[in-house]
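The values are calculated or read from the model by the stated rules, or taken from the named source; none is laboratory data. A quick note: this is a predicted structure, and the numbers were derived from the prediction, not measured. Here the Cβ positions follow ideal geometry from the backbone for every residue, glycine too, while neighbour counts run over all protein chains shown. All accessible areas refer to the heavy atoms of the entire protein, side chains included, with ligands and DNA or RNA removed. Shrake-Rupley method; radii C 1.70, N 1.55, O 1.52, S 1.80 Å.
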Amino acid sequence: MSESHIRVLSRALSDQISAGEVLERASSAIKELVENSLDAGADEIFIDVEEAGRKRLSVTDNGIGMNMEDAQLSVLRHATSKISKTEDLRAITTMGFRGEALASMAAVTRMSMTTRDRDSDTGTYMHIEGAEMVECRECAAPRGTQIVLEDLFFNTPARLKFLKTPAYENRCIYDVVEQFALACPSVQFKLTIDGRTKCDFPKHRTLHERALAVLGRDLYAHLYPIQHTILDDVVVEGLYCSPDYSATKSGRMYTFVNRRIVRDKSINYAVVRAYQEFLHGNKPCIVLFLSLPADQIDVNVHPTKHEIRFTSPDSVFRAIYRALRSSLEQTPWIASSATDASSYLPPEELVRRAMGLPDAHRIEQNAKSQATPPPSHEEDAKRSAAAQQAARDLSLFNAPVPTTAPSSTVGELAQFHMPYQRQLQMPPTGTSQGATSCDKTSDAACPPPPSQPFTYFSNLYYIGQHDLTYLICSDGRDLIIIDQHAAHERINFERLKRVADALLPADAQLLMFPTLLNLDTRMALVFEEYRNFFEKLGFQFDEIGKNAYAIRAVPECLLNYDYEKLIQSALVDLCETGRANQFDDIRDDILATMACHQSIRAGEKLTPADAAELFRQMDATGFRSNCPHGRPVHFVLSHAELEKRFLRTGFPTHQ
């Protein structure tokens with residue numbers, strides 16, 4: 001007989017190999033231990049680390065604990081209390097379930113465990129080195145569990161070589177604790193590194209309180225609640241950051257599925273797509289929670305449990321995308337950018353402050369000596385006619401923009417603006433031009449109508465036009481500078497999108513000479529899987545050979561594009577993410593170009609009436625903070641910045 005080359009590995013060696021899948025570094029061990037603590041019902045979890053976890057790390061909780069028998073079983077491979085039969089794998093609701101974490105830690109560290117359950121008078125102490133039980137005895141212990149790992153990877157020196165600097169490893173540990181803190185606001189987390197407390201998050205009642213504690217006041221001030229969305233049993237909620245802040249800071253994306261920390265490409269892709277026209281390559285800041293039935297996800301993909309699979313990834317993508325787009329459409333950061341005091345001032349007081357006039361009570365005191373005659377009926381009629389003309393000028397999409405020179409004096413602007421603003425504040429009689437509605441076939445929950453109409457731009461006091469391009473306004477304290485072209489471009493783009501969404505798909509255009517589409521075998525299989533997708537868009541194909549197709553017809557809007565290359569790019573995305581957004585991008589690019597050509601140009605003169613109507617339409621438009629190409633619509637020059645520029649800091653405001 002020939003010599004046998006296959007042998008069974010020893011238990012110690014197989015344990016070390018398996019441990020390499022679960023434990024990459026100290027932060028991996030902390031993640032697994034914290035998950036066990038949460039599954040044990042703990043609401044107080046303390047993590048202590050020395051020398052970035054290489055020398056020692058411990059996790060202590062006040063969970064249900066274990067008796068001696070369970071403690072001895074817990075360090076055996078594939079021993080778990082989370083599942084018992086095959087059917088349990090189809091609907092896993094606990095953080096852990098594989099029964100590998102403690103066994104892996106015991107194989108590559110010197111592990112000590114102290115635990116006591118609620119029904120025992122004494123606790124259990126165990127010490128294990130390299131998967132070998134060294135000591136197991138009764139001891140005095142509080143209810144709960146403490147696990148201590150010393151000399152990480154002491155018997156696998158090859159793994160030690162891949163650990164990075166202590167500062168990097170400590171940051172990885174903090175990131176894990178930070179994510180768990182956001183996922184579980186009602187649990188206290190305390191992290192101590194080398195004897196110093198790095199964070200101590202007490203129990204909080206809401207996600208908002210925990211986000212403030214974890215993320216800090218600076219970032220929290222730019223966070224807003226995500227529009228709650230339910231689609232095909234997928235529930236989306238959380239917090240998102242305003243694009244203007246995300247574009248200037250490093251992005252942080254915290255994504256959770258059923259409170260489990262996950263790293264999923266399809267989730268990240270949906271978030272990036274929702275923010276696409278705002279950030280231009282920057283990463284957004286977001287805290288995203290997905291909730292869906294346990295039988296619709298598969299967490300048994302990788303030992304680290306970071307990766308999961310969805311039974312319907314398209315529903316997850318659409319739910320996230322629609323929730324974020326609905327939230328971004330409201331642009332709440334614009335309304336919150338005004339100071340609280342000036343946001344609710346009457347228009348007349350805004351005018352007084354912008355012009356540097358005395359406030360209301362001083363005007364009342366001087367009313368007898370400096371009385372101003374009321375405007376005549378003739379002046380009222382002129383102002384009313386001007387307002388009606390402004391509405392006609394900018395109400396139609398293709399209407400030409402008047403080129404009348406703006407008023408030259410502040411007094412004329414104030415006289416015009418005050419009654420006109422009162423007119424704009426009247427409640428609408430019907431659906432505004434910018435209001436969105438959900439049709440009966442919509443697959444996302446309609447956002448609730450706002451309690452009050454958005455009136456930020458309409459409430460601004462219009463000062464004048466600079467360089468025939470920028471509209472200078474005031475909210476009573478800060479200066480607001482608006483790009484007239486970008487603002488009108490967003491208005492027109494949203495109108496065109498509503499029209500395009502309401503129309504049926506465009507007819508296919510037959511090609512005089514069919515185009516050959518050659519694919520490799522892998523892409524050909526993807527093409528056959530998604531062929532109906534392309535045909536619904538308006539493409540027509542004939543199979544003419546192995547992995548070769550003749551393109552007979554294309555959608556009309558793609559006639560001037562390299563549709564062969566477009567199809568191949570879409571197939572790559574369909575293969576990787578299950579979605580192809582190139583066609584939506586092209587449609588939006590075409591609509592953005594059309595909106596740009598139809599919009600007010602830089603260099604065109606606007607009257608105060610034109611500006612007021614433009615502001616009214618901006619208030620009725622979604623995504624009003626940016627044009628469809630991503631450029632900002634407005635810029636705020638704060639009162640504090642002005643004082644800083646003029647070195648007025650520390651002096652009386654009106655010195």
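Laid out as a table, the results:
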{"quantity": "Restricting the stretch 603-619 to residues that are farther than 18 Å from residue 480 by Cβ and part of a loop (DSSP other than H, G, I, E, B), the residue that is most open to solvent (accessible area, probe 1.4 Å)", "calculated": "605"}
{"quantity": "Strands (runs of 3 or more DSSP E) completely within the stretch 460-527 that count 2 or more residues being in contact (Cβ under 8 Å) with a residue 60 or more places away in the chain", "calculated": "461-466, 470-474, 479-483"}
{"quantity": "From the options 233, 194, residue that is open to solvent by 70 Å² or more (accessible area, probe 1.4 Å), under 21 Å from the mean Cα position of the chain (by Cα) and at positive phi", "calculated": "233"}
{"quantity": "Selection count, the stretch 552-571, where residues are open to solvent by 50 Å² or more (accessible area, probe 1.4 Å), in a helix (DSSP H, G or I) and in contact (Cβ under 8 Å) with a residue 24 or more places away in the chain", "calculated": "4"}
{"quantity": "Residue 640 open to solvent by 40 Å² or more (accessible area, probe 1.4 Å), out of contact with any Gly (no Cβ under 9 Å at 6 or more places or on another chain), at pLDDT 85 or above and assigned to a helix (DSSP H, G or I)", "calculated": "yes"}
{"quantity": "Pair list, Cβ < 6 Å and 6+ apart or interchain, from the stretch 35-53 residues that are of a type in the set (A, V, I, L, M, F, W, C) to residues that are open to solvent by 10 Å² or more (accessible area, probe 1.4 Å) and assigned to a helix (DSSP H, G or I)", "calculated": "52/166; 52/170"}
{"quantity": "Residue 590 vs. criteria open to solvent by less than 40 Å² (accessible area, probe 1.4 Å), in a helix (DSSP H, G or I) and free of Cβ contacts under 8 Å to residues at least 40 places away in the same chain", "calculated": "no"}
{"quantity": "Qualifying residue in the stretch 463-481 (condition: among the small types (Gly, Ala, Ser) and modelled with pLDDT of 90 or more)", "calculated": "yes"}
{"quantity": "Tabulated pairs, the stretch 606-624, first of a type in the set (Lys, Arg), second in a loop (DSSP other than H, G, I, E, B), C-beta under 7 angstrom, 6+ apart or interchain", "calculated": "616/458; 624/331; 624/633"}
{"quantity": "Enumerated strands (runs of 3 or more DSSP E) restricted to the stretch 162-230, each holding at least 1 residues that are out of contact with any helix residue (DSSP H, G or I) (no Cβ under 8 Å at 6 or more places or on another chain)", "calculated": "188-193, 196-201"}
{"quantity": "Top-ranked residue of the stretch 135-157 - restricted to ones that are touching a residue at least 60 places away in the same chain (Cβ under 8 Å) and open to solvent by 70 Å² or more (accessible area, probe 1.4 Å), ranked as farthest from residue 32 (Cα to Cα)", "calculated": "138"}
{"quantity": "The one condition in (1) crowded, with 20+ Cβ neighbours inside 10 Å; (2) modelled with pLDDT under 80; (3) not aliphatic (A, V, I, L, M) that residue 649 fails to fulfil", "calculated": "(1)"}
